[in-house]
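Peer 1: Here's a structure for you.
What follows is calculated from the coordinates using simple rules that are stated; it is not laboratory data. Quantities reported herein were computed from a predicted structural model and do not represent experimental measurements. In this analysis, Cβ positions are derived from the backbone assuming ideal geometry, glycine residues included, and neighbour counts consider all displayed protein chains.
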Amino acid sequence: MDMWSLPQSEEDTVKLLQEHGILLTQRQCKNGHDAKLYFGKLIFWKCNIKNCQKKVSVPNNTWFEHSRLPFVTVLRFIFAWSQELTSIKWYEQHLKINNNTVIDWNNYLREVCVLNIEARNQGKIGGRGKIVEIDESLFSKRKNNTCRILPQQWIFGGLCCETKECFLIQVPDRTMSTLLNEILLNIKKGTKMYSDCWRAYNSSELETACFKHFTVNHSKNFVDPQSGAHTQNVERLWGSAKWGNKKHRGTARHHLKSYLAEFM
């Protein structure tokens, strides 16, 4: 399916959203009577009880409640967003949506990603007989265009080589206590872990916590010649995440969690 094969009318779009469980297929009015869905210049639910006749808008009490966009436009926005066509200029040209509305809808959809990830509750990755590459990365420069010092945005992540399951988490710093805490929360005990030689990855601490830890010194080798340890997969993960971040011209700090959820 491409964007231009999507429904062309509001009625067909509403029906499609109903089929996918995004909009309600049944509704009651404020007085508890069954309402009927009417299509016309406006789309609304209406009670047919003679002494009631209450109307309810289709978006009321749904995810679309605060939207002023036609359903046809919203559906195309969601489709384009899922295809990573997320530049403001693209939406302005093709969907005739202004700058602020594009930003709002991008944020709405990222919030859906956050809720989805929280609902999935993936749990810990790795386990005995599995390898997890771990690494931390800085997602922002220390200065903005006005040369004002900004707080650093550190992200800690891990990737299971066998299952390709991963996690990306915003952390306040990359100290030993912070990273060890995230390792315990996100990686199963007994996992073989590969990392670089950052001093916070204290092998004795990790081994005490029942992990097998191997390092690679990137100033000498990409792959450790003795253990075979490397972090190439998780570094590719960083590359993809940061490319997406640059595509959005960076990410506001309060949106970073939702951006990471969108990427995953």
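Peer 1: For the pairs Lys15/Lys55; Lys15/Lys50; Lys15/Lys96; Lys54/Lys89; Lys50/Lys96, note any where the Cα-Cα span goes beyond 30 Å.
Peer 2: With Cα atoms farther than 30 Å apart: Lys54/Lys89; Lys50/Lys96.
Peer 1: Near Val72, within a Cβ-to-Cβ distance under 11 Å, what is the net charge of the other residues, with Lys and Arg +1 and Asp and Glu -1?
Peer 2: Within the 11 Å Cβ shell, the charges total -2.
Peer 1: Gln93 to Val171: extension gain in nm, 0.36 nm per residue of separation minus the Cα-Cα distance?
Peer 2: Full-extension gain reported as 24.3 nm.
Peer 1: Gain in length, Gln26 to Lys164, computed as 0.36 nm per residue apart minus the alpha-carbon separation, to one decimal in nm?
Peer 2: Result: 45.6 nm gained on full extension.
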